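Participant: This is the structure, below, for whatever I ask next.
The values are calculated or read from the model by the stated rules, or taken from the named source; none is laboratory data. None of the values given here were measured: they were computed from a predicted structure. Heads up, the Cβs are rebuilt from the backbone with ideal geometry, glycines too, and the neighbour counts pull from every protein chain shown.
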Amino acid sequence: MILGVSFDTPAENKKFAEKFSFNFPLLCDTDRTIGTAYGANADPGKGAARVGVIIDPQGRIKEWHGRVDARAWPAAVVASL
Amino acid sequence: MLNPGDKAPDFAGRDHEGNAVKLADFKGKTVVLWFYPKADTPG
């Protein structure tokens, strides 16, 4: 299961999802709660840092990456699951 | 930052279609969180 997360509004993310035909949910973390909890709110004046996190089926962190490649990383991870 | 083995912080929110999404929905599955700075920016 992949979840995209940004600090954008639902309308902005809907456009983004439609443009790229994403088949996974884009969470609209407009108050930055999730980003803060996961270390992706590095600069409150900017958008989310490109953090990538893998959570195992027991709800524990398996991997945490501070900067992932925007395009290659999600595809590579999904392929490895 | 988080370290391997840490309990993943619970979260709940809404997706771009307005659906409620929370971490507990995916218990028993591997979940990938992909943060990105702004919808539709390169890099």
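Participant: Return yes when A:Asn13 is surrounded by 13 or more Cβ atoms within 10 Å (Cβ to Cβ) and either at positive phi or more than 7 Å from chain B (Cβ to nearest Cβ) (or both) and no when it is not. So that I can check it myself, show each step before the final result.
Facilitator: Details: surrounded by 13 or more Cβ atoms within 10 Å (Cβ to Cβ): yes; either at positive phi or more than 7 Å from chain B (Cβ to nearest Cβ) (or both): no.
The answer is no for A:Asn13.
Participant: I'm told A:Phe7 meets every condition in (1) facing chain B (nearest Cβ under 7 Å); (2) under 14 Å from the mean Cα position of the chain (by Cα); (3) surrounded by 16 or more Cβ atoms within 10 Å (Cβ to Cβ); (4) not acidic (Asp, Glu) except one. Can you identify the failing condition by its number?
Facilitator: Result: A:Phe7 fails condition (1) only.
Participant: Now for a different question. If you check every pair at least six apart or on different chains, which have Cβ atoms under 8 Å apart with a residue in segment B:1-18 that is crowded, with 17+ Cβ neighbours inside 10 Å first and a residue that is part of a strand (DSSP E or B) and charged (D, E, K, R) second?
Facilitator: Listed by first residue and then by second, the contacts come to B:Ala8/A:Arg60; B:Phe11/B:Lys22; B:Gly13/B:Lys22.
Participant: What are the residues in segment B:14-43 that are at positive phi, of a type outside the set (Asp, Glu) and touching a helix residue (DSSP H, G or I) at 6+ places or on another chain (Cβ under 9 Å), if any?
Facilitator: As a first pass, look at segment B:14-43 and keep what is at positive phi: B:18, B:28, B:40, B:43.
Next, only the ones that are of a type outside the set (Asp, Glu) stay: B:18, B:28, B:43.
Matches in segment B:14-43: B:Gly18 only.
Participant: Given the structure, is A:Ile55 without any contact (Cβ under 8 Å) to a residue 12 or more places away in the chain and crowded, with 20+ Cβ neighbours inside 10 Å? Walk me through how you get there before you give the answer.
Facilitator: Numbers: without any contact (Cβ under 8 Å) to a residue 12 or more places away in the chain: yes; crowded, with 20+ Cβ neighbours inside 10 Å: yes.
Criteria met by A:Ile55.
Participant: Pick from segment A:45-55 the residues that are more than 12 Å from the chain's Cα centre (by Cα) and either of a type in the set (Phe, Trp, Tyr) or farther than 17 Å from B:Met1 by Cβ (or both): which of them is farthest from the other protein chains (Cβ to nearest Cβ)? Steps first, please.
Facilitator: Of segment A:45-55, the ones more than 12 Å from the chain's Cα centre (by Cα) are A:45-46, A:55.
With the extra rule that they be either of a type in the set (Phe, Trp, Tyr) or farther than 17 Å from B:Met1 by Cβ (or both), the set shrinks to A:45-46.
Numbers: A:Gly45: 12, A:Lys46: 7 Å.
Of everything passing the filter in segment A:45-55, A:Gly45 is farthest from the other protein chains (Cβ to nearest Cβ).
Participant: Farther than 18 Å from B:Asn3 by Cβ, outside any helix (DSSP H, G or I) and in contact with a Ser or Thr (Cβ under 8 Å, 6 or more places away or on another chain), is that true of A:Gly4?
Facilitator: On the way: farther than 18 Å from B:Asn3 by Cβ: yes; outside any helix (DSSP H, G or I): yes; in contact with a Ser or Thr (Cβ under 8 Å, 6 or more places away or on another chain): no.
Spelling it out, it is not the case that A:Gly4 is farther than 18 Å from B:Asn3 by Cβ, outside any helix (DSSP H, G or I) and in contact with a Ser or Thr (Cβ under 8 Å, 6 or more places away or on another chain).
Participant: Any residue in segment A:34-44 that is within 7 Å of chain B (Cβ to nearest Cβ), modelled with pLDDT of 95 or more, out of contact with any strand residue (DSSP E or B) (no Cβ under 6 Å at 6 or more places or on another chain) and surrounded by fewer than 21 Cβ atoms within 10 Å (Cβ to Cβ)?
Facilitator: Yes, segment A:34-44 contains at least one residue that is within 7 Å of chain B (Cβ to nearest Cβ), modelled with pLDDT of 95 or more, out of contact with any strand residue (DSSP E or B) (no Cβ under 6 Å at 6 or more places or on another chain) and surrounded by fewer than 21 Cβ atoms within 10 Å (Cβ to Cβ).
Participant: Among the numbered criteria (1) free of Cβ contacts under 8 Å to residues at least 24 places away in the same chain; (2) closer than 16 Å to B:Leu23 by Cβ, which one does A:Asp31 miss?
Facilitator: Here A:Asp31 meets the rest and fails (2).
Participant: Looking at segment A:16-28 only, could you name the residues that are among the small types (Gly, Ala, Ser) and either in contact (Cβ under 8 Å) with a residue 40 or more places away in the chain or more than 7 Å from chain B (Cβ to nearest Cβ) (or both)? Spell out how you get there, then give the answer.
Facilitator: The initial filter retains those residues of segment A:16-28 that are among the small types (Gly, Ala, Ser), namely A:17, A:21.
Correct list: A:Ser21 only.
Participant: Of everything in segment B:26-43, what is exposed (fewer than 13 other Cβ atoms within 10 Å of the Cβ) and at pLDDT below 95? Give them in sequence order.
Facilitator: Hits for segment B:26-43 are B:Lys27, B:Thr41, B:Pro42, B:Gly43.
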